[in-house]
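Taking it in order: structure first as structure tokens, then the write-up.
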Amino acid sequence: MPVFHTKTIEGILEPVAQQICHLVIMHEEGEVDGKAIPDLTGPVAAVQAAVSNLVRVGKETVQTTEDQVMKRDMPPAFIKVENSCSKLVQAAQMLKADPYSVPARDYLIDGSRGILSGTSDLLLTFDEAEVRKVIRVCKGILEYLTVAEVVETMEDLITYTKNLGPGMTKMSKMIEERQQELTHQEHRQMLFNSLNTVKQLLPVLISAIKIFVAIKSTHSAGVDEAERNRCFTFEKMSAEISEIIRVLQLTTWDEDTWA
Amino acid sequence: EQILEAAKSIAAATSALVKSASAAQRELV
């Protein structure tokens, strides 16, 4: 049984995957003296209408999105789903002529599997585009963290904190939502751990900058130490956000292969 | 959202199709 990458995709495709699995088993068990399969023209027409609708909506999405990867990856999924649907139409025609037709059953199973696989490809492509949105926010935070190195006055620090706060809140919210979506327990845990570390380090970074600014402005001893401390915290936060970006791009397949 | 809804209706339609095809086979098994 395929492992689906997110709970949304799993919720949509799992029931169909189960049924197709069931049909295949029955088909193999009953292949020789299988009973006649009833006329499937009606149910196939319903699949055909649903496929046309998905392709129409998908093409609209491809038209409007700025995500070049999605523009590239979606059309092959449409083709797969449409070709599979043609197989179902052929199966229905063959079964109408001969309800015992074994080739028709093969077409029926291949077509159903193709619809499942094509819809899964399409949903994964869409999901990957959603992940890229989260990664863009993470990269924005990574870039803004580097600004910490040039904060040298209290006014700068106030501005820096005011800008960093909302961005961090947005990033945390997006990652927490993403984490809830993942079906892979390890990935969820990795995101949870890294995000927690980043949240804990944020106030540490702000106070490290504050100490650096205070010492620098009074020309007291210890500027180097304060600078090293600020740098350490900044680098630790950056490493954790880079880890979050890495984990966000993992798919179930990567993890299993790695294992 | 539109894509998810469209994918859900494909899944439902495919489910119904497979169910009707399996119905005939079930008697046998």
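The values are calculated or read from the model by the stated rules, or taken from the named source; none is laboratory data. The model shown is predicted, which means the values in this text are computed figures rather than measured ones. Ideal geometry is used to build each Cβ from the backbone, glycine not excepted, and the neighbour counts take in all protein chains shown.
For A:V102, the conditions (1) within 23 Å of B:I3 (Cβ to Cβ); (2) within 13 Å of chain B (Cβ to nearest Cβ); (3) surrounded by fewer than 19 Cβ atoms within 10 Å (Cβ to Cβ) are fulfilled apart from (1). A:E176: modelled with pLDDT of 95 or more, outside any loop (DSSP other than H, G, I, E, B), within 30 Å of A:M70 (Cβ to Cβ) and of a type outside the set (A, V, I, L, M), yes or no? Taking the combined requirement at face value, the residue satisfies it.
The residue list A:T65, A:T61, A:T41 contains one member that is at the interface with chain B (Cβ under 10 Å from one of its Cβ atoms) and among the hydroxyl-bearing types (S, T, Y), which is A:T61.
If you check A:R136 against the conditions, is it in contact with an Asp or Glu (Cβ under 8 Å, 6 or more places away or on another chain) and either closer than 30 Å to A:V55 by Cα or β-branched (V, I, T) (or both)? When the stated conditions are applied, A:R136 does not pass them.
Residues in segment A:121-132 that are buried (at least 22 other Cβ atoms within 10 Å of the Cβ) and more than 9 Å from chain B (Cβ to nearest Cβ): A:T125 only. The condition of being more than 7 Å from chain B (Cβ to nearest Cβ), over 15 Å from B:A21 (Cβ atoms) and surrounded by 15 or more Cβ atoms within 10 Å (Cβ to Cβ) holds for only one of A:K80, A:K87, that being A:K80. For beta carbons closer than 8 Å, sequence separation of 6+ or different chains, a first residue in segment A:180-209 that is without any contact (Cβ under 8 Å) to a residue 40 or more places away in the chain and a second that is in a helix (DSSP H, G or I) and β-branched (V, I, T), the qualifying pairs are A:L201/A:T233; A:V204/A:T233; A:A208/A:T233.
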